[in-house]
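Read through the structure below, which is laid out as structure tokens, and then see the notes.
The values are calculated or read from the model by the stated rules, or taken from the named source; none is laboratory data. Just so we're clear, the structure is a prediction, and the values are computed from it rather than from any experiment. Note that each Cβ is placed from the backbone with ideal geometry, even for glycine, and that neighbours are counted across all protein chains shown. Ligands, DNA and RNA are stripped out before the accessible areas are found, and what is left, the full protein with its side chains, is counted by its heavy atoms. Shrake-Rupley method; radii C 1.70, N 1.55, O 1.52, S 1.80 Å.
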Amino acid sequence: MPLSLSLPASAGTRERAVARPPLPPLRGALRERLTFLAFVAPNLSLLAVFSYWPLVQNVWLSFVEWNMIAPEQLWVGLENWAIVLSGADFRQIALNTLLFTLFSVGLTLALGLSCALLLNQPLAGRNAARAVLFTPTLLPGSAIALVWIYMLDPRWGLIRTVLSWVGIASPRWLIDPAWALPAVILVYVWKAVGYSVVIFLAGLQGIPRELYEAARVDGAGPWDRFRAVTLPGLGPISFFLLVTSLLSAIQAFDILRVMTAGGPVIATTTLVYQLYNEGFVAFNAGRAAVYSLLLFGVMLALTAAQLRFVERRVTYS
Amino acid sequence: MNGTTKRQLFGRLGAAAAVPLLAACGTQPPSATEGSGTKTAGKQKITYWGSFSGALGQAEQGIVSSFNAAQNEVEVDYQFQGSYEDTAQKLTAALQARTAPDMSLLSDVWWFKFYLDKMLMPLDDLIKAEKVQTSDYVDALLKEGVRNGKTYWLPFARSTPLFYYNKDAWAKAGLPDRGPRTWDELTKEWYPKLKGQTQNGAIFAHPSAASYIAWLFQGVIWQFGGEYSDADFTIKIHEPKGVQAGEFYRSSVKDGWAYAAKDESGDFNSGVALTAMMSTGGLVARQQNAKFPVGTAFLPEGPAGFGCCTGGAGMSILASAPKERAQAAMKWIAYATGTAAATWSMASGYMPVRKSAVSGPQFTEFAKTNPNIKTAVDQLAKVRPQDSARVFVPNGDQIIGKGLERITINGEAAEPVWKDVADSLKREADPVVRKLRALNA
């Protein structure tokens with residue numbers, strides 16, 4: 001039997017390490033850093049080119065007047081910021097963004113959890129119901145929006161017919177400024193709820209049965225079991241859904257673009273939609289950059305707040 | 001790992017990552033779309049960006065096909081880009097990416113933006129080389145694309161607003177088969193006879209800002225003696241006559257004879273609205289789609305008389321197009337706006353842009369059996385170009401349009417709305433005035 005085969009693996013490694021002269025500490029550290037750099041460089045360079053550089057450029061654009069084709073960009077200082085922040089529409093746009101985000105996320109999570117709890121029961125046809133609930137998530141937002149425009153039509157839409165069965169006159173959903181925002185929230189929730197159902201279901205099935213049994217033995221009723229076992233067990237999943245739903249809702253565009261184009265007047269114009277308006281309708285790169293940075297700030301603050309205040313309360317095991 | 005060291009592996013990975021990045025950062029010459037513009041089978045290929053879909057798109061495709069088949073020098077590669085706004089967005093992006101087409105259809109509110117930043121080619125030498133008779137173009141339409149004595153935008157799909165009405169509803173109400181001569185005639189004499197025929201009593205559909213309500217209101221503000229602005233970009237929309245016109249629109253909804261529609265064209269075609277102001281473009285499709293005989297008339301007069309504007313789109317060649325392709329593009333423009341002018345008008349409803357097409361046997365014969373198409377041609381003698389605030393001020397159309405939505409949908413008083421609109425228009429007009437001064441200097 002050759003000698004090498006009788007040696008333990010660690011001995012061989014040690015032998016090879018011994019054969020190589022040790023590197024001076026400084027060179028070793030450099031080599032380690034270079035290796036690290038080689039691993040992160042491809043991703044980092046892509047992020048630098050496609051994320052960080054545009055961000056820096058965006059800051060620059062917020063201080064210039066530029067229509068996206070002119071050869072020169074005119075430095076205007078804080079004028080774009082002043083126009084945006086002091087504009088008559090800004091408050092309304094900020095409020096629309098807040099309402100749209102709060103209601104769409106709140107309803108998506110509440111309905112998602114309710115449906116998930118229902119579909120977690122051994123009911124007949126629950127697999128079909130899960131598929132039906134999840135399907136809208138897979139459909140393109142613009143296609144959904146087009147279908148809902150017809151469904152919400154106050155003269156011959158499906159919703160009008162349903163409302164007429166209970167004697168309610170259909171609102172002029174997409175024309176009346178009071179109803180347009182609820183209408184787009186409704187459609188957004190309809191599209192997004194299936195995804196949260198699936199994630200909540202996965203979370204529910206990950207909660208150990210023994211915990212429920214132990215709670216039952218202790219005399220806990222359905223509400224106590226939900227409060228003391230289900231909700232804490234869903235903590236990490238809920239946190240994940242809250243973060244992703246908030247970021248998605250605040251960036252919602254397709255449904256708004258197709259259903260209302262930000263109107264009537266500015267009833268459904270959100271920060272993202274106004275960014276599009278300024279950038280690609282008015283071709284005002286400076287003001288679009290201001291909206292873009294405001295959006296970035298809001299998202300950064302939301303994520304930081306979630307990590308700071310919400311994640312602390314989440315139990316991972 | 002045979003034959004490849006860690007150093008070599010990382011080196012190769014690095015190089016692979018760097019190549020596309022460097023390629024993306026590299027500069028290209030400011031030429032038109034690469035890959036187009038090549039000479040195929042002896043024909044000069046040019047790229048043309050268009051904005052028409054549906055029946056209008058088919059009609060335009062038909063003209064492209066007939067042009068490509070009719071001669072052996074130029075091959076037009078027609079590329080549909082979406083609405084006028086989509087086309088302008090994509091053209092802006094393409095100019096940044098240096099992948100612009102050779103030529104594009106541009107609407108009345110968009111061509112000036114590209115002219116102002118010197119992205120359009122003056123067409124006069126090309127017109128001369130192609131021996132196009134500019135005197136044959138309808139003068140009013142040709143003049144709109146001329147700046148400082150040079151032509152940048154040639155008329156193609158030009159339109160005016162028309163007063164459309166449902167002939168069946170008119171007959172049922174015992175009204176004469178014509179449009180109202182004045183708004184008073186419509187609202188005070190005819191509306192009481194018509195209102196019983198609609199669900200909510202409103203007979204007239206206002207479009208949204210996105211459907212160009214500011215274009216349709218241009219004639220109305222003139223009918224009241226006001227204007228959006230003068231030719232020197234002095235904003236006048238908030239002056240008393242403009243306020244009066246705005247209040248007229250507010251009362252139209254308040255008094256119940258008009259309503260803000262989500263889709264005014266669909267509402268008219270399906271009989272929900274009995275009348276609306278809409279473009280001549282699409283007239284042919286509207287006559288086919290409506291469930292009733294369609295009537296057209298001149299716009300009604302207001303207290304200050306008649307007022308109606310031109311609109312629609314024309315063709316421009318990009319300044320980045322190489323000379324031989326620019327000349328080839330002009331050959332196509334000459335065909336589309338000349339030989340095919342009557343065919344295009346008869347298929348679409350847009351006005352013939354050539355005098356010879358208007359008086360030619362083909363169009364004259366067609367107009368005999370389709371009197372609606374003649375309404376636009378007859379009205380053309382009375383129309384005038386739009387005010388600079390809508391067509392030359394960036395986003396002017398939408399600024400005014402959103403103001404009109406506040407008036408018709410929110411029911412806000414016209415005076416404060418027009419003051420806000422005037423402030424926005426003044427601010428947006430500043431860069432234009434500055435650039436025009438530089439161009440004229």
Worksheet item: Spin-label point model (7 Å from Cα, Cβ direction): what's the B:Asn410 to B:Lys323 distance in nm?
Response: 5.5 nm
Worksheet, complete the sentence: Phi angles of the stretch B:127-140, converted by Karplus (6.51 cos²θ - 1.76 cosθ + 1.60, θ = phi - 60°) into ³J(HN,Hα) in whole Hz with x for Gly and Pro, give 4, 5, 5, 8, 6, 7, 7, 5, 5, 7, 5, 4, 3, 4
Worksheet entry | For B:Gly271, net neighbour charge (Lys/Arg +1, Asp/Glu -1) across residues whose Cβ lies under 9 Å away | -1
Worksheet entry | Cross-link pairs beyond the 19 Å C-alpha cut-off, checked among B:Lys113/B:Lys150; B:Lys291/B:Lys368; B:Lys150/B:Lys236 | B:Lys291/B:Lys368; B:Lys150/B:Lys236
Worksheet item: If R0 is 60 Å, what FRET efficiency do you get for A:Leu99 and B:Gln61 from their C-beta distance, rounded to 0.05?
Response: 0.85
Practice prompt. Rounded to the nearest 0.05, what FRET efficiency do A:Ala304 and A:Gln205 give with R0 = 22 Å and r taken as the Cβ-Cβ distance? Could you check?
Written response: 0.10
Fill in: Whole-number accessible area per residue in Å² for the protein assembly as shown, which is evaluated in the context of all protein chains at 1.4 Å
48 Å²
Worksheet item: Going by a 1.4 Å probe on protein heavy atoms, which residues of the stretch A:128-177 end up with at least 50 Å² less accessible surface in the whole assembly than in their chain alone?
Response: A:Arg155, A:Ile175
Discussion item. Please list the three semi-axes, largest first and in whole Å, of the ellipsoid equivalent to the protein assembly as shown, using sqrt of 5 times the eigenvalues of its alpha carbon gyration tensor.
Written reply: 54, 39, 25
Worksheet item: Once you charge only the Cβ atoms, +1 for Lys and Arg and -1 for Asp and Glu, what is the size of the charge dipole of the protein assembly as shown about its Cα centre, to the nearest 20 debye?
Response: 1900 debye
Worksheet item: Counting only residues 5 or more places away or on other chains, whose amide H sits under 5 Å from the amide H of B:Arg147 once H atoms are built in the peptide plane?
Response: B:Tyr152
Worksheet item: Order of B:232-241, B:112-121 by packing, highest average Cβ count within 10 Å first?
Response: B:112-121, B:232-241
Worksheet item: Roughly how many nanometres apart are two label points built 7 Å out from the Cα toward the Cβ at B:Lys193 and B:Gln71?
Response: 5.3 nm
Worksheet entry | Structure-based [θ]222 nm, chain A - -39500 (n - 2.57) summed over DSSP H runs of at least 4, per residue, nearest 500 | -21000 deg cm²/dmol
Item to complete: Please list B:296-303, B:100-107, A:154-161, A:190-197 highest first by mean number of surrounding beta-carbon atoms within 10 Å per residue.
Response: B:100-107, A:190-197, B:296-303, A:154-161
Discussion item. Which one, A:Ala88, A:Ala214, A:Ala145, has the greatest fluctuation when you compute a Gaussian network model over chain A with C-alpha springs under 10 angstrom?
Written reply: A:Ala214
Worksheet item: Highest mean first, what order results for A:166-175, B:387-396 on Cβ atoms within 10 Å?
Response: B:387-396, A:166-175
Worksheet item: Whose amide H sits under 5 Å from the amide H of B:Thr47, counting only residues 5 or more places off or on another chain, with H placed in the peptide plane?
Response: B:Gly37, B:Asp77, B:Asp102, B:Met103
Worksheet entry | Summed residue charge, Cβ within 13 Å of A:Gly141's Cβ, Lys/Arg positive, Asp/Glu negative | +1
Worksheet item: At a Förster radius of 51 Å, what calculated FRET efficiency corresponds to the Cβ-Cβ distance of B:Asn440 and A:Phe226, to the nearest 0.05?
Response: 0.10
Worksheet entry | Peptide B:256-263 - average C-beta neighbours from other chains (10 Å radius) | 3
Worksheet item: Summing -39500 (n - 2.57) over the DSSP H runs of n ≥ 4 in chain B and dividing by its residue number, what mean residue ellipticity at 222 nm do you reach, to the nearest 500 deg cm²/dmol?
Response: -13500 deg cm²/dmol
Discussion item. Am I reading the B/A interface right? What is its buried accessible area, both sides, 1.4 Å probe, to the nearest 100 Å²?
Written reply: 2900 Å²
Worksheet item: What residues have an amide H closer than 5 Å to that of B:Gln386, excluding those fewer than 5 places away on the same chain, when H is modeled at 1.01 Å from N in the peptide plane?
Response: B:Thr310
Worksheet entry | Difference of contour (0.36 nm per residue) and Cα-Cα distance, A:Ser142 to A:Arg126 | 2.9 nm
Discussion item. Out of the total accessible area of the protein assembly as shown (probe 1.4 Å, heavy atoms of protein only), what percent is carbon and sulfur?
Written reply: 61 percent
Discussion item. How shielded is A:278-284 by partner chains, expressed as the average number of their Cβ atoms within 10 Å of its Cβ atoms?
Written reply: 5
Worksheet entry | Taking the stretch B:229-340 and dividing mean pair separation by its residue count, relative contact order in percent (alpha carbons under 8 Å, at least six apart) | 11 percent
Worksheet item: Just which residues of the stretch B:404-420 lose 50 Å² or more accessible area with every protein chain there, against their chain alone, with the probe set to 1.4 Å?
Response: B:Ile409
Worksheet entry | Karplus-derived 3J(HN,Hα), 6.51/-1.76/1.60, for each residue of the stretch B:272-283, Hz, glycine and proline x | 5, 9, 8, 7, 6, 8, 8, 6, 5, x, x, 4
Item to complete: Looking at chain B, send over the antiparallel percent of its DSSP beta bridges, to the nearest 5.
Response: 65 percent
Item to complete: Can you give me the P(r) profile for the stretch A:177-317? Cα pairs, bins 5 angstrom wide beginning at 0, each as a whole percent.
Response: 2, 9, 14, 14, 15, 13, 10, 9, 6, 4, 3, 1, 1, 0
Practice prompt. Let me know the charge dipole size of the stretch B:214-279 about its Cα centre in debye, to the nearest 20, where only the beta-carbon of Lys, Arg (+1) and Asp, Glu (-1) is charged.
Written response: 160 debye
Worksheet item: For B:Ala231, what is the net charge nearby, where nearby means another residue's Cβ is under 13 Å from its Cβ and Lys, Arg count +1, Asp, Glu -1?
Response: 0
Fill in: Residues of type aspartates and glutamates that B:Lys43 reaches as a straight line, Cα spacing below 12 Å, ignoring anything fewer than 8 places off in the same chain
B:Glu73, B:Glu75, B:Asp77, B:Glu324
Worksheet item: Roughly what would the spin-label model give for B:Lys382 and A:Tyr150, points 7 Å off Cα along C-beta, in nm?
Response: 4.0 nm
Practice prompt. Within a 10 angstrom radius of each residue's Cβ in A:119-127, how many Cβ atoms of other chains show up on average? Whole number is fine.
Written response: 0
Worksheet item: Expressed as a whole number of Å, what is the distance separating the alpha-carbon centroids of the stretch A:50-107 and the stretch A:242-317?
Response: 11 Å
Worksheet item: So what's the gap between the Cα centers of the stretch B:220-248 and the stretch B:131-197, to the nearest angstrom?
Response: 20 Å
